[in-house]
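> To start, I am sharing the structure in question, which I have written as C-alpha cells.
Just so you know, all these numbers are worked out from the coordinates, no wet-lab data involved. Quick caveat, the model's predicted, so the values are computed rather than measured. Virtual Cβ from ideal backbone geometry, glycine too; neighbours counted across all protein chains shown.
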Amino acid sequence: VPDTTALDELAGLVGPAGVLYPGDGLDAYEDPARGAPGRARAVVRPTTTEQVRTVVGWARRHRTRLLPQGANTGLVGASVPPPDGDGGVVVLSTERMVHGLEIDAANRTAVVPAGVRLSALDDAVAADGLWFPIDLAADPTIGGMAATNTGGARMLRHGDVRRRVLGIEAVLADEGVTVVDDLSVLRKDNTGIDLSSMFIGSSGALGIITRVAVELARRPAQTTCVFLAPTAPDRVMAVLDALDDGLGPLLSAFEVMSAESVAAALAGVDGLRSPFGAPAPPELTILVEAAGPEGTDALLLDAVAVAVATGAATDAVVAPAHDAWRLRHALTDGLRHGGVVLGFDVSVPRSALAAFRSEVRRRAAVELPRATVADFGHWGDGGMHCNLVFPTGAPPSPSEHGLARELVFGTAVERFGGSYSAEHGIGPHNADWWRRVTPPGNQRVVRSLRTLFDPLGVLGHPDLPY
Ligand code: LAC
Ligand code: ZN
C-alpha cells in the first residue's frame, strides 16, 4: 500500500487536479455497471501520453497497482478495484485524455485519445457524414472499447473493435516505460507482426492504451427497423437467411429478445411500446435493422415478406428505428427493475443457439427453480445475453450463483463449443473460466507477454487471470 508520501509525489507529477482521494467522492470510479463496488487508494487522471509514462514510472517505483479505467461501463468487473481490496489499487482514469482528436474525413479515419467517449467521437465526425458504427447500450471511451474489444449490436455488419482499429499507441510498464507507437491510419500495412492487436481485448494488462486509430464509416442515408415474430426458436436462422438473401450487406443488425426480457423492459422502463401492440410479447421478437441508400426500406420489406411466406415468421411490423433501439437498449435496465440479475454473455455457433437456449431453460427449471431465464442478444453473431433473474426480496445465494455459472457457462462451452465471454472481455467475473478452458500453452504465451511488457505486475486488475 502506497504511503501518503507516494501519493504526494504523484500529485507533484501530474498536478493537484490530476489526483483524487477517497474523501473527494470516488463513487463513479468505484461503482461498476454490474457487480460489487470496489475501493481505490486514489484516482490518477493524466492528460497526455507523456503523463501516463510518468504515472507508470511512479507505479513501478512504488510497486503500486494501476487499474486503467475508461468510462467504467464494463460488465465483467475489470474496471473497478476489488471489493475486498485493501485500498492499495490506484485507478488510472483516462477521462482527461480527450484533447488532440485528429480526423481525416476523406480517409474515413480518426486518431482518438483514449478518454474520448463514443458519443463524442460520433458528434465530432457527424458533420463529415461519418460515424464509428459500433452500437452499444452504454457510452464507453474509445480506449476502453479497444482494451475490451467491444462487440455490440451492429457487429454483424461493422465488426467488433478489433476489426475497426488500424493502430494503437500504448505505454508499457517495462523497465524503459516504452511507448509502443503503432498509430497507423493505413488500411493496408502488411509490415510484420501486428503489435496493436495484442492490446485489443487485453483488459489493460499489457499496457495502457493512450491513443487509438480507427476506421470510420459513412452514415447511412436510411435506417429502417422491423420487428418479426419467428414461428419457433429453431426457425430464427431461416429468418436470417431470408433477410441476408434480400438485403446482402444492407442488413446491419439481427437481434433477438425473449418474452421475459421484453415484458421486463415494458414494465420497468417508461415510454416504451410493445412491438406488436399486444400486451403479451411473443416467445421471441426479432429486431432487424437495414441501413443504406434510399430504397433500403423497400428491400427490407420485400425480404421480410419472403421470411413470412416461407413460414419462418408469423408477424412483422415496421418500427421507427429510434423506438426499436430504445426498447432493445432498455432490456438490461428493465430486468434490473424486476429482480436480481445474474448476467452471462455467452456465444455458441449460430446453428446451436436455439438448442442452447432450450437446454439452459430445461436445466434452470430443474436446478434453479427460483430463477427466471430472460435471454436476449446478438443472434446474428451467435451471441446471447443469458440472464437468470431472481426475486428482489430473495437474491441468489452463493451456491445458486455458483450453480448458475456452471449451468450457463458449462452448457455454452462444454456442451455446445461456445464462449464464456462473447463480447464483454475478461475480468474478475470470468477469470476462473479463462484458467479453466484456455489451453495451457496459450496461457503460458500470454503470461510471457505479460512478463515482458509488465515485469513487476503493476498493470490491470489484480484479479485478472494473467
Ligand atoms: C447488450 C449488452 C448487455 O447487448 O451487451 O445490451
Ligand atoms: Zn451485448
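> Dividing the alpha-carbon Rg of segment 142-188 by 2.2 N^0.38 Å yields what?
That ratio works out to 1.37.
> Using only the alpha-carbon atoms, how far is helix 353-367 inclined from the longest principal axis of the chain? Give it as 0 to 90 degrees, nearest 10.
80
> Taking the chain as the region of interest, what is the percent of Cα-Cα pairs per 20 angstrom bin, listed from the shortest bin to the one with the maximum distance?
Whole-percent P(r) values from 0 Å outward: 24, 55, 21, 1.
> In whole angstrom, note down how far apart the Cα centers of segment 197-223 and segment 7-33 are.
After rounding, the separation between the Cα centres reads 26 Å.
> For a protection proxy built on the mean count of beta-carbon atoms within 10 angstrom, sort 149-157, 53-61 highest first, please.
Highest to lowest by the protection proxy: 149-157, 53-61.
> Determine one quarter of the surface area of the Cα convex hull of segment 44-159, which equals its mean projected area, and express it in nm² to one decimal.
Average projection, Cα convex hull of segment 44-159: 8.2 nm².
> Another question about this same structure. What is the mean projected area of the alpha carbon convex hull for segment 185-255, to one decimal in square nanometres?
8.6
> Work out which GluC sites (Glu not before Pro) in the chain are exposed loop sites (DSSP not H, G, I, E or B, at most 10 other Cβ within 10 Å) and give the longest gap free of them.
The longest uninterrupted stretch comes out as 1-174.
> Still on this structure, I have one more. For the chain, what is the mean residue ellipticity at 222 nm derived from helices alone (per DSSP H run of n ≥ 4: -39500 (n - 2.57); sum divided by total residues; nearest 500 deg cm²/dmol)?
-10000 deg cm²/dmol
> Let me ask you something else. Could you work out the relative contact order of segment 231-333, using alpha carbon pairs under 8 angstrom and six or more residues apart, expressed as a whole percent?
The value is 41 percent.
> Separate question: Nearest 10 degrees, 0 to 90: what angle lies between the long axis of helix 4-14 and the longest principal axis of the chain (Cα atoms)?
Computed tilt is about 80 degrees.
> Could you work out the relative contact order of segment 43-190? I mean the mean sequence separation of Cα pairs under 8 Å and 6+ apart, divided by the number of residues, in percent.
After rounding, I find 20 percent.
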